[in-house]
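J.: I'd like to ask you about the structure that follows.
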Amino acid sequence: MLKKIITIMATTLAFTSGVAQAALVNVDYVVLDKPIPQLHKNKVEVLEFFSYSCIHCSHLEPYILKEMKSFAPDTYLRPVHVVWDDNVYYNLARIAAAVNSTGMKLKADPIIFDAIFTKHIELWQPDVFNKWAVQQTAFDGQKLVKAYNSLENSATATDMRKLSEKYNIQSTPIVIVGGKYELKFPRGFAAGMATLNELIEKVRNENSTGAATTRKLPKSIGASLAASANR
C-alpha cells in the first residue's frame with residue numbers, strides 16, 4: 001500500500017513539474033498604479049528601461065533579444081536607456097538612440113555590452129565611441145556613428161531622460177508589458193521569459209476585448225453607414 005502511495009505521489013510530482021505555472025501577480029509581476037502610455041495604442045509594447053553600464057542588463061539582454069526575434073507582428077520592443085546624469089548615462093543614451101534609429105539592436109547591443117564589461121572600453125566618452133564604432137565589422141559602424149552625431153540624436157537622448165524622470169526609474173533593468181505589467185524575475189531572467197510571453201498574451205487579449213466592446217452595433221442604418229465610412 002505504501003509503495004502504491006509513493007508511486008502515485010511521484011507520478012503527480014512529475015506531472016506538475018512538467019506543467020508551466022501561471023504567472024502570479026505580486027510575485028512574477030506587479031500591476032503599475034500609473035500605466036505608461038504605449039507608443040502604439042493597439043499593439044503590445046514591451047518597454048525596457050536599461051543601461052549599457054548595468055551588469056544585470058547585460059545578463060538580461062540575450063534573453064530579450066531572443067524573444068524579440070519571435071515577436072508577433074502586433075508586439076514590439078521599446079528600449080529606453082535611463083539617464084541619471086549629464087555625462088555617462090546621457091552619452092550612453094545617445095548610443096542607445098543611435099542603435100534604435102538604425103535598427104541595429106540585435107547586432108550591436110551584445111557587442112556594446114561586451115566592449116564595456118569585458119574589454120573595459122569607456123564608450124560613454126564620445127571620442128572613444130566614435131573611434132571604436134567605425135572599427136566594428138559585425139554591424140555597420142559608419143552608419144551608427146552617423147546616427148550618433150546627427151541633430152536628432154541628442155533630442156532623443158533628452159526624451160529618454162524625461163521618461164526616466166517622469167516615471168521615477170531608480171534601477172535597471174525594468175521590463176513593462178502593455179504599459180502596466182512590470183516583470184519581477186523572482187526565478188531569474190530565463191524563467192522570466194515565460195512570464196513575459198504570458199503577459200504579452202494577456203495584453204493582446206485585453207486589446208481584443210477592448211476593441212470588441214467599443215465597436216457596438218449602431219442604432220440605425222444611417223449610423224451604420226456613417227460608421228463604415230469612417231473606418
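The values are calculated or read from the model by the stated rules, or taken from the named source; none is laboratory data. No experiment lies behind these values; they were computed from the predicted model shown. With ideal geometry, Cβ positions are generated from the backbone for all residues, glycine too; neighbour counts draw on all protein chains shown.
J.: Go through (1) assigned to a strand (DSSP E or B); (2) out of contact with any strand residue (DSSP E or B) (no Cβ under 8 Å at 6 or more places or on another chain); (3) among the charged types (D, E, K, R) for R78 and report which single condition fails.
T.: (2)
J.: Considering every residue within region 106-120, establish whether at least one is modelled with pLDDT of 95 or more and within 30 Å of N205 (Cα to Cα).
T.: Yes, region 106-120 contains a residue that is modelled with pLDDT of 95 or more and within 30 Å of N205 (Cα to Cα).
J.: When you check F117 against the structure, is it touching a Phe, Trp or Tyr at 6+ places or on another chain (Cβ under 8 Å) and either among the aromatic types (F, W, Y) or farther than 19 Å from S53 by Cα (or both), yes or no?
T.: When the stated conditions are applied, F117 does not pass them.
J.: If Q142 satisfies every condition in (1) surrounded by 14 or more Cβ atoms within 10 Å (Cβ to Cβ); (2) over 30 Å from I36 (Cα atoms) but one, which is the exception?
T.: (1)
J.: If you take the residues of region 122-142 that are more than 24 Å from the chain's Cα centre (by Cα) and among the charged types (D, E, K, R), which of them is farthest from V88 (Cα to Cα)?
T.: Residue satisfying both the conditions and the ranking: K131.
J.: Mind listing whichever residues of region 77-121 are farther than 19 Å from V134 by Cβ, of a type in the set (A, V, I, L, M) and surrounded by 21 or more Cβ atoms within 10 Å (Cβ to Cβ)?
T.: The answer is V80, V82, V83, A93.
J.: Which of the following residues is exposed (fewer than 13 other Cβ atoms within 10 Å of the Cβ), under 17 Å from the mean Cα position of the chain (by Cα), farther than 20 Å from Q38 by Cβ and at pLDDT 95 or above: G192, G188?
T.: The match here is G188.
J.: Do we find that D85 is assigned to a helix (DSSP H, G or I) and modelled with pLDDT of 95 or more in this structure?
T.: In short, no.
J.: Could you list, in sequence order, the residues of region 37-60 that are more than 17 Å from M160 (Cβ to Cβ) and part of a helix (DSSP H, G or I)?
T.: Result: I55, H56, S58, H59, L60.
J.: May I pose another question? Can you report the number of residues in region 126-147 which are within 18 Å of S53 (Cα to Cα) and either of a type in the set (S, T, Y) or touching a helix residue (DSSP H, G or I) at 6+ places or on another chain (Cβ under 7 Å) (or both)?
T.: Summing the residues that are within 18 Å of S53 (Cα to Cα) and either of a type in the set (S, T, Y) or touching a helix residue (DSSP H, G or I) at 6+ places or on another chain (Cβ under 7 Å) (or both) in region 126-147 gives 5.
J.: Right, next: When you check A155 against the structure, is it under 26 Å from Y76 (Cβ atoms) and crowded, with 20+ Cβ neighbours inside 10 Å, yes or no?
T.: Against the criterion (under 26 Å from Y76 (Cβ atoms) and crowded, with 20+ Cβ neighbours inside 10 Å), A155 does not qualify.
J.: Separate question: Considering only residues that are touching a strand residue (DSSP E or B) at 6+ places or on another chain (Cβ under 8 Å), more than 14 Å from I200 (Cβ to Cβ) and of a type outside the set (S, T, N, Q), which ones fall in region 43-75?
T.: Selection gives F49, F50, Y52, C57, L60, E61.
J.: Taking region 40-66, which residues are out of contact with any Leu (no Cβ under 8 Å at 6 or more places or on another chain) and more than 27 Å from W124 (Cα to Cα)?
T.: Within region 40-66, H40, K41, N42, K43, V44 meet the criteria.
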